[in-house]
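The values are calculated or read from the model by the stated rules, or taken from the named source; none is laboratory data. Remember, predicted model here, so these are calculated numbers, not experimental data. So basically every Cβ, Gly included, is an ideal-geometry build from the backbone, and we count neighbours across all protein chains shown.
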Ligand SMILES: Nc1ncnc2c1ncn2[C@@H]1O[C@H](COP(=O)(O)OP(=O)(O)O)[C@@H](O)[C@H]1O
Ligand SMILES: [Mg+2]
């Protein structure tokens, strides 16, 4: 019993809020509202995905969060310190790559890291070796940066960004230009980073599938507005509950009624097909049931909404003026 309490206390201690954004707004001098009153927070060990189409306002928000662009309205706190009024204390907790990482091409990854570490007073050699390991670059770190692939450069860039053990890592579209394998590798080590180093990660992307596999929480931003903030499990559940089975039968009216009575789910009819709101896993059950009732089945299809469809629906609902909160 005592152990259980200790574990839950430890869990709580591990999850302080690292980034807190409240009512953040950016109005450019030409009057464009690029970020419109967004609020969210990211805790230690959490990967928060900022998802939105090109031009949605992700980079503008990230630039305000990192102090690179003036905040029109609202507040940003990092480890409780305001980026506006306590800039130095707030920014020392942040590591980030807002654009492609800057590195000296003629030097090795290791020399770059050592040079970067020398800009700080307290970074030991053991920490450099540790970050190299964290980003999985042990075998290639002594080669010249000029010979690295884009993915390897990104890794060393991230190693550089986390040298000073920041509490918050911010990455603006880090997978742009990476091939699928590079994306997969980055996903794995970012997860490791969040979980092993307990770093809060804010990452932006316009690719839903990529975010879905990486993030714990997804915030969808459209036209400067945060439409929805959802734990990833909820998005997955939403997709599951949107699953449908399409069955072609000889007597659709009759079969439809049987299904409604037996499974208590919505059924639509379309010519000689039935579209039942059931998950793929119930196909064997429904087939056995219909056959037992003397219905002949001529075909079965699964109809599942893709992540993209779910995403587009959310945006469409928003544009139509529906209030999603
Ligand atoms: N300096 C600027 N002046 C005026 N508008 C800008 C400026 N920078 C970006 N924008 C506009 O703000 C919107 C959001 O851009 P951005 O934050 O770069 O989007 P994202 O990173 O999501 O692709 C876009 O409409 C863009 O054209
Ligand atoms: Mg951008």
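Does residue 162 satisfy the condition of being surrounded by 18 or more Cβ atoms within 10 Å (Cβ to Cβ) and more than 21 Å from residue 63 (Cα to Cα)?
On the way: surrounded by 18 or more Cβ atoms within 10 Å (Cβ to Cβ): yes; more than 21 Å from residue 63 (Cα to Cα): no.
Taking the combined requirement at face value, the residue does not satisfy it.
Every residue in region 77-96 that is under 28 Å from residue 156 (Cβ atoms) and free of Cβ contacts under 8 Å to residues at least 12 places away in the same chain, please. Break it down into steps so the answer makes sense when it comes.
Initial filter on region 77-96 (under 28 Å from residue 156 (Cβ atoms)): 78-79, 83, 87-96.
If the condition is that a residue be under 28 Å from residue 156 (Cβ atoms) and free of Cβ contacts under 8 Å to residues at least 12 places away in the same chain, then 88, 89 are the ones that fit.
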Pick from region 266-303 the residues that are in contact with a helix residue (DSSP H, G or I) (Cβ under 7 Å, 6 or more places away or on another chain) and assigned to a loop (DSSP other than H, G, I, E, B): which of them is modelled with the lowest pLDDT? 279
Give me a count of the residues in region 117-132 that are without any contact (Cβ under 8 Å) to a residue 40 or more places away in the chain and surrounded by 13 or more Cβ atoms within 10 Å (Cβ to Cβ). 6
Restricting to region 211-225, name every residue that is within 16 Å of ligand 1 (Cβ to nearest atom) and either free of Cβ contacts under 8 Å to residues at least 24 places away in the same chain or farther than 27 Å from residue 130 by Cα (or both). 218, 219, 220, 221, 222, 223, 224, 225
Checking the condition within 16 Å of ligand 2 (Cβ to nearest atom) and over 30 Å from residue 122 (Cβ atoms), which residue from 173, 212 passes? 173
If the Cβ limit is 6 Å and pairs must be 6+ apart or interchain, which residue in region 103-116 that is assigned by TED's automatic domain parsing to the domain that holds residue 146 pairs with which residue that is part of a loop (DSSP other than H, G, I, E, B) and surrounded by 15 or more Cβ atoms within 10 Å (Cβ to Cβ)? 109/141; 110/141; 112/103
Is it true that residue 209 is loosely packed, with under 15 Cβ neighbours inside 10 Å and either outside any helix (DSSP H, G or I) or in contact with a helix residue (DSSP H, G or I) (Cβ under 7 Å, 6 or more places away or on another chain) (or both)? yes
Qualifying positions in region 141-159 - more than 28 Å from the chain's Cα centre (by Cα), surrounded by 14 or more Cβ atoms within 10 Å (Cβ to Cβ) and assigned to a helix (DSSP H, G or I): 145
Which is more than 23 Å from residue 57 (Cβ to Cβ), more than 16 Å from ligand 2 (Cβ to nearest atom) and touching a strand residue (DSSP E or B) at 6+ places or on another chain (Cβ under 7 Å), of 229, 199, 235? 199
Is at least one residue of region 47-69 part of a strand (DSSP E or B), away from ligand 2 (no atom under 15 Å from the Cβ), free of Cβ contacts under 8 Å to residues at least 60 places away in the same chain and in the same structural domain as residue 152 (by TED's automatic domain parsing)? no
Can you name every residue in region 38-59 that is surrounded by fewer than 20 Cβ atoms within 10 Å (Cβ to Cβ), within 14 Å of residue 25 (Cβ to Cβ) and within 16 Å of ligand 1 (Cβ to nearest atom)? 40
Can you find a residue in region 12-31 that is in a helix (DSSP H, G or I) and either under 22 Å from the mean Cα position of the chain (by Cα) or surrounded by 13 or more Cβ atoms within 10 Å (Cβ to Cβ) (or both)? yes
